[in-house]
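Heads up: the structure comes next, in structure tokens.
The values are calculated or read from the model by the stated rules, or taken from the named source; none is laboratory data. Quick caveat: nothing in here was measured; it's all calculated off a predicted structure. Cβ placement follows ideal geometry from the backbone for every residue including glycine, while neighbour counts extend to all protein chains displayed.
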Amino acid sequence: MTVSDPVVESVVATISRSATEIRQGLIGRRGTVDEENPSGETQAEADVWADELLGDRLAAIDGVGQYASEERAEIVDCGDDPSSTDAYAVAVDPLDGSSNLKSNNAMGTIFGVYDAALPARGDTLVAAGFVLYGPITTMVIATDELITEYELSGGERTVVDRDVTLPAEPVVYGFGGRVPDWPDDFRAYAREIESELKLRYGGALIGDVNQVLTYGGTFGYPGLESRPEGKLRLQFEGNPIGYVVERAGGRSSNGSQSLLTVEPDDLHDRTPVHVGNEELIDRLEDALA
Ligand code: AHG
Ligand code: MN
Ligand code: MN
């Protein structure tokens, strides 16, 4: 099932075709390099390698005006002006959950296609999604016309769920950060959720969010006492995941409003991220009000 906008289809096809190569390329790149990303985090060899591979291929697509990634301080100008009607800006987290490389746990690649110059609000997204490197390599692609899950193999994508929808009854939750670092109001909310749902937290946003998309529930990486803005990046993680979950019938929030309405200041802004069933996110916002 292809996406009707030819530029968006080129972007998602490039990512899905690269996914098999990225998965294979993780082998032998599990170490760290002595560099930091713009968020001040040590980079894995695979972070840098996946970013270079995707950056080269996505920047070369006619109609992609900007390429930006969690691993690069600056936006790459690809020639077309993303604020013009037929050009887009692509923001990528080339390898999400790279701390799971060492422990061989799930990881992902996240992308957002913005119809605006970066940094941009999430409600300028025309497409977003992710690849999940799990036992099977799967990909979720959401646009304003579809939200579809595929299995990827040999560079091809096969539809496995034509209309990804958050199950009505929540089952799982996962909260990041450390309990002693949670603000009291979030901790009280978390205690309620813990008494109702099952814990699923694997340390990679994509693995944890896919649990929520599959079983219903909520994932959160809250603002912390030590870091009120939280850990996750708005452009590369919060907005794309917020877009996907809202398209699947759920909600997203930074604690008080949809992630897609948050005005970015800087390309690498962090934000608290909460996604999941509408009722759970409504309760979170009441708890933090
Ligand atoms: P990345 O590897 O792209 O930096 O992402 C890691 C993020 C996200 O995937 C996950 O939800 C979170 O970090 C886990 O953080 P903790 O290790 O603090 O739990
Ligand atoms: Mn990430
Ligand atoms: Mn990453």
Hits in the stretch 30-64 (condition: surrounded by 18 or more Cβ atoms within 10 Å (Cβ to Cβ) and more than 23 Å from residue 268 (Cβ to Cβ)): 61, 63
Pairs, first under 21 Å from residue 62 (Cα atoms) and in a loop (DSSP other than H, G, I, E, B) in the stretch 1-24, second modelled with pLDDT of 95 or more and of a type outside the set (Val, Ile, Thr), C-beta under 7 Å, six or more apart: 2/9; 3/9; 3/127
Filter result for residue 34 (modelled with pLDDT under 95, part of a strand (DSSP E or B) and either within 16 Å of residue 13 (Cβ to Cβ) or out of contact with any helix residue (DSSP H, G or I) (no Cβ under 8 Å at 6 or more places or on another chain) (or both)): yes
Among the candidates 179, 164, residue that is of a type in the set (Val, Ile, Thr), surrounded by fewer than 20 Cβ atoms within 10 Å (Cβ to Cβ) and at pLDDT 95 or above: 179
Scope the stretch 253-284; condition within 11 Å of residue 223 (Cβ to Cβ) and among the charged types (D, E, K, R); matching residues: 270
Tally, over the stretch 58-75, of residues that are within 16 Å of ligand 2 (Cβ to nearest atom) and either part of a strand (DSSP E or B) or in contact with a strand residue (DSSP E or B) (Cβ under 9 Å, 6 or more places away or on another chain) (or both): 4
Only one of 137, 148 that is among the polar types (S, T, N, Q), in contact (Cβ under 8 Å) with a residue 24 or more places away in the chain, in the same structural domain as residue 94 (by TED's automatic domain parsing) and under 22 Å from residue 57 (Cα atoms): 137
Residue, nearest to residue 207 (Cα to Cα), within the stretch 94-141, restricted to residues that are within 16 Å of ligand 3 (Cβ to nearest atom), of a type outside the set (D, E, K, R) and part of a loop (DSSP other than H, G, I, E, B): 106
Unique match (being within 25 Å of residue 150 (Cα to Cα) and outside the structural domain of residue 71 (by TED's automatic domain parsing)) among 192, 229, 196, 237: 237
